[in-house]
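Throughout, read-outs are computed from the coordinates displayed, never taken from laboratory work. Note that the structure is a prediction, hence the values are computed from the model and not measured. Cβ placement follows ideal geometry from the backbone for every residue including glycine, while neighbour counts extend to all protein chains displayed.
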Amino acid sequence: MVSRGRADLHMHTTESDGWPSPYELVDYARATRLNVIAVTDHDTIEGALRAADYVAGSSSRLDVVVGEEVSSRDGHIVALFIERRIRPGMSAAATVHAIHDQGGLAVAVHPFWRTQRRTRSGRVHGVGWLAAELPFDAIEVENATPGFYVFNQLARRLNMGLGAAEVGGSDAHILDAVGRAFTEFPGKTPKALRTAIESGATVAGRSRYRAVGLMRYAAWGLNHERYVAVV
Ligand SMILES: [Zn+2]
Ligand SMILES: [Zn+2]
């Protein structure tokens with residue numbers, strides 16, 4: 001029986017709108033049960049590259065997957081296992097295609113977070129039902145953003161019909177959120193994680209916030225409510 005590893009596949013750093021630096025994120029994650037983290041800043045891979053370099057220079061049991069949360073015209077899409085930045089502002093279909101083109105995996109993150117109307121700047125958070133129509137490799141069914149319970153339920157229900165790999169990612173913008181949603185998979189390495197996503201062997205889970213974490217998240221939210229990716 002292969003032992004199971006744990007990954008957090010959605011997190012932000014100071015390279016976009018997160019509070020921790022890539023180094024702080026790695027140092028914090030090292031002290032958790034996580035084996036793999038994917039750093040997925042909005043429309044940049046700089047934070048992920050820094051985090052990956054940082055762990056490469058140490059004898060750490062933590063591995064970093066280079067990712068990006070791409071602002072597609074139709075909503076956010078997380079790219080995992082990429083080497084080059086994916087350009088924001090394309091349709092969801094073109095974005096998924098661009099991710100696959102460079103050998104990456106495409107995740108429909110918080111697909112039903114659509115509370116905000118589409119604005120003139122094109123701001124829309126989740127890809128909605130496009131999650132069912134496009135060849136996504138995984139659906140994020142657990143996102144640890146406070147208040148996302150219903151969005152997560154809807155994503156789970158969608159994926160019951162789809163049968164895509166289910167993943168969990170904290171969407172951490174503060175350190176307390178790291179690992180609060182996670183993806184379990186057979187093995188411990190990024191390679192094993194990738195195999196598990198491709199074969200639908202992942203299981204998404206949650207762990208509760210400490211009260212102080214929720215308070216810090218509220219403080220972060222007040223500062224970033226109006227974050228709009230620069231396209
Ligand atoms: Zn997002
Ligand atoms: Zn995010």
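Some values worked out for this structure:
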item: Stretch gain in nm, segment LEU222-GLN102, where the contour uses 0.36 nm per residue and the Cα spacing is subtracted; result: 39.6 nm
item: Translational diffusion of the chain, µm² s⁻¹ [Kirkwood Rh, Cα pairs; Stokes-Einstein; 25 °C; 0.890 mPa s]; result: 143 µm²/s
item: Taking the range 1-121 and dividing mean pair separation by its residue count, relative contact order in percent (alpha carbons under 8 Å, at least six apart); result: 19 percent
item: GNM result for the chain, Cα springs below 10 Å: residue of GLU166, GLU140, GLU83 fluctuating most strongly; result: GLU83
item: Whole-Hz couplings from phi, Karplus 6.51/-1.76/1.60, listed for the range 171-185; x for Gly and Pro; result: 6, 4, 10, 9, 5, 4, 7, 4, x, 6, 10, 8, 10, 9, 8
item: Value at 222 nm in deg cm²/dmol, rounded to 500, when DSSP H runs of n ≥ 4 in the chain each add -39,500 (n - 2.57); result: -9000 deg cm²/dmol
item: Distance cut-off 19 Å, percentage of C-alpha pairs in the range 92-184 lying past it; result: 43 percent
item: Computed magnitude of the charge dipole of the chain (debye, nearest 20; Cβ of K, R +1, Cβ of D, E -1); result: 540 debye
item: Calculated FRET efficiency for the pair ASP53/ARG157, C-beta based, R₀ 41 Å, to 0.05; result: 0.55
item: Label point distance in nm, TRP129-SER60, each placed 7 Å from Cα along Cα→Cβ; result: 4.2 nm
item: Cleavage-rule hits (trypsin sites (Lys or Arg not before Pro)) in the range 137-231: DSSP loop, at most 15 neighbouring Cβ within 10 angstrom; result: ARG208, ARG210, ARG226
item: Sites ARG208 and VAL150 - FRET efficiency at Förster radius 25 Å, r taken between beta-carbons, to 0.05; result: 0.90
item: Within a Gaussian network of the chain (alpha carbon springs, distance under 10 Å), most fluctuating of ALA98, ALA52, ALA31; result: ALA31
item: Distant-in-sequence amide H partners of GLY18 (H built 1.01 Å from N, under 5 Å); result: THR13
item: Calculated FRET value between ARG114 and MET215, using beta carbons and R₀ = 30 Å, to 0.05; result: 0.65
